[in-house]
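Notes follow the structure.
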Amino acid sequence: MTKINENQGFLDFAYQMYKSMKTNEINLVYEGEVTQEITKTFTSLTEKSLAKTSESNSVQRKVFNVMVECLQNISKHADSLTEEEENERRGIVMVSHGEESYNIITGNVIKNEKVPDLKKSLEHVNSLDKKGLSDLYKQQMREGKISEKGGAGLGFIDIAKKSGSRLNFQFKELNDEVSFFILTSTIKRS
């Protein structure tokens with residue numbers, strides 16, 4: 001009898017998740033390690049999904065490009081929750097769409113010591129208009145130092161430029177060591 005109750009609990013959870021995804025118009029969800037292969041697979045699925053819509057090529061390109069940047073952000077900068085996952089870059093990625101926009105939502109673990117600088121950087125990007133973003137991008141290209149993880153600090157600038165929207169973000173502290181960083185990028189459909 002216990003096995004049936006356990007299975008029923010999981011089935012209820014699966015159905016509630018399905019309903020929530022439908023309600024929130026979530027098309028794709030992935031949780032796990034983000035590698036080059038996963039990035040290729042996820043972007044291919046999104047590309048095929050978008051091709052079935054009547055969405056303009058411009059919007060399709062923006063969604064695709066922003067998603068690639070977001071996935072690269074996780075693969076380069078995610079920290080681990082446990083020592084066993086030390087070399088894994090894990091995260092969650094969701095793509096949703098509504099009548100007016102697409103949302104790309106990503107989340108990953110980040111060390112608490114990195115939060116203040118990341119928050120400052122995101123707030124700076126959000127404070128800029130289109131020209132300011134272009135100027136910052138050019139400045140970063142000229143002066144940006146390549147980090148040990150291979151980034152030059154262009155990712156968030158590029159996401160803001162391509163999406164044309166502010167970057168919505170949140171940090172949820174998990175413990176004294178790490179937080180969960182959630183980034184939502186919105187691309188208008190018109």
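Filtering the range 31-57 to residues that are surrounded by 13 or more Cβ atoms within 10 Å (Cβ to Cβ) and of a type in the set (A, V, I, L, M) leaves Val34, Ile38, Leu45, Leu50. Scan the range 117-145 for residues that are acidic (Asp, Glu) and loosely packed, with under 11 Cβ neighbours inside 10 Å and the total you get is 3.
There is at least one residue in the range 74-84 that is part of a helix (DSSP H, G or I), over 13 Å from the mean Cα position of the chain (by Cα), of a type in the set (D, E, K, R) and over 20 Å from Ile159 (Cα atoms). For the range 159-177, filtering for residues that are more than 13 Å from the chain's Cα centre (by Cα) and either crowded, with 17+ Cβ neighbours inside 10 Å or closer than 23 Å to Leu133 by Cβ (or both) leaves 6. Only residues that are among the β-branched types (Val, Ile, Thr) and out of contact with any strand residue (DSSP E or B) (no Cβ under 6 Å at 6 or more places or on another chain) were counted in the range 153-190, giving 1. If I filter the range 18-27 for residues that are crowded, with 18+ Cβ neighbours inside 10 Å and either modelled with pLDDT of 85 or more or part of a helix (DSSP H, G or I) (or both), do I get at least one hit? No, because not a single residue in the range 18-27 is crowded, with 18+ Cβ neighbours inside 10 Å and either modelled with pLDDT of 85 or more or part of a helix (DSSP H, G or I) (or both).
The values are calculated or read from the model by the stated rules, or taken from the named source; none is laboratory data. Source: prediction; values computed, not measured. So basically every Cβ, Gly included, is an ideal-geometry build from the backbone, and we count neighbours across all protein chains shown.
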